[in-house]
1. Answer with yes or no whether PHE60 is closer than 24 Å to ALA141 by Cα, touching a Lys or Arg at 6+ places or on another chain (Cβ under 9 Å) and aromatic (Phe, Trp, Tyr).
2. Could you tell me which of the residues ALA175, ALA198 is open to solvent by 30 Å² or more (accessible area, probe 1.4 Å) and within 26 Å of LEU21 (Cα to Cα)?
3. For a quick check of your reading of the model, give me the residue pairs whose first member lies in the stretch 62-82 and is without any contact (Cβ under 8 Å) to a residue 24 or more places away in the chain and over 16 Å from GLU25 (Cβ atoms), whose second is of a type in the set (Gly, Ala, Ser) and open to solvent by 50 Å² or more (accessible area, probe 1.4 Å), with beta-carbon atoms closer than 6 Å and at least 6 apart or on different chains.
4. So in the stretch 47-61, with the set limited to residues that are hydrophobic (A, V, I, L, M, F, W, C) and open to solvent by 20 Å² or more (accessible area, probe 1.4 Å), which one is nearest to ARG190 (Cα to Cα)?
5. Mind counting the residues in the stretch 124-155 that are open to solvent by 40 Å² or more (accessible area, probe 1.4 Å), under 26 Å from ARG222 (Cβ atoms) and of a type outside the set (Asp, Glu)?
6. Give the stretch 97-124 a look and list any residue that's aliphatic (A, V, I, L, M) and either touching a residue at least 40 places away in the same chain (Cβ under 8 Å) or not assigned by the TED database to the domain that holds GLU151 (or both), or say none.
7. Quick check: anything in the stretch 86-103 among the basic types (Lys, Arg) and either touching a Leu at 6+ places or on another chain (Cβ under 9 Å) or open to solvent by less than 70 Å² (accessible area, probe 1.4 Å) (or both)?
8. What are the residues in the stretch 174-223 that are β-branched (Val, Ile, Thr) and at pLDDT 95 or above, if any?
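The values are calculated or read from the model by the stated rules, or taken from the named source; none is laboratory data. Because the structure is a prediction, the values reported are computed rather than measured. Please note: Cβ atoms are built from the backbone with ideal geometry, for glycine as well, and neighbour counts cover all protein chains shown. Just so you know, the surface numbers come from the protein's heavy atoms only, side chains and all, with ligands and any DNA or RNA stripped out. Shrake-Rupley method; radii C 1.70, N 1.55, O 1.52, S 1.80 Å.
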Amino acid sequence: MPAAFLFDMDGLLLDTERLYLNAFEDCGVEFGLKAGRAHQLYLSLVGHSSTEGERRMAAFLEPDIRVADFDARVMELANGRLKQQIPLRPTVRETLDRLRAGSAQMAVVTSTKGDHARCHLEQAGLLDHFQFVVGGDEVSANKPDPAPYREAAARFGFDPRHCAAFEDSDPGVTAATQAGCLAVQVPDLRPEDQPFAAVGQMFAKTLGQAVSLAEAEMTRLRSAVVP
């Protein structure tokens, strides 16, 4: 059993990446972007911090489109949908319920700002499963830097090598493996021709499968070092 389970949020626990993608596409129509451009832009942002996202948007959008205006409209469209419902990814609720029943130590490590993340998790009925949430504005550096996972493990008082991390994006799983965590990637939205980051992660189709895989692998690793 891992000492702690560290989870990304958007695209892993919450099925919000598609919601934001749809908001980007609707916004692209409003701002007159060519067909497919908003879709392409959004996929380039997945897994990155808000600061890095703004930089990428500025490089991507036409010069006559202000990043602040585009971003504000995206958030307006997305927040309107989030108020109606925050959907979960497959197997999330039952997996977290099982871990909590077993007194597992759990935290969320997300690039989303902390206050927003806690609000979304509470609305989705998941916040009380976690000992704490680490937001992108609450760490010394953002993914793909390993700082978020190192700092989350340190907050528990654990060595990152004894923790399991779960991510959907390449920047996130890169951060987790570089921190030393046992990492499992559960892919969500990504360009079809984009190869996965080769950072030593394992792969699963659902969070439930990912957690079971991490539990089994951590048990194997610990057994291997016992004389």
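1. When the stated conditions are applied, PHE60 passes them.
2. ALA198
3. Partner pairs satisfying both residue conditions: VAL67/ALA58.
4. Quick first cut of the stretch 47-61, residues hydrophobic (A, V, I, L, M, F, W, C) only: 57-61.
Now drop any that are not open to solvent by 20 Å² or more (accessible area, probe 1.4 Å), which leaves 58-60.
Working: ALA58: 21, ALA59: 20, PHE60: 17 Å.
Top of the filtered list is PHE60.
5. 4
6. Pass one, the stretch 97-124, residues aliphatic (A, V, I, L, M): 99, 101, 104, 106-109, 117, 121, 124.
Within the stretch 97-124, LEU99, ALA104, MET106, ALA107, VAL108, VAL109, ALA117, LEU121, ALA124 meet the criteria.
7. Yes - at least one qualifying residue is present in the stretch 86-103.
8. Hits for the stretch 174-223 are THR174, THR177, VAL184, VAL186, VAL199, THR206, VAL211.
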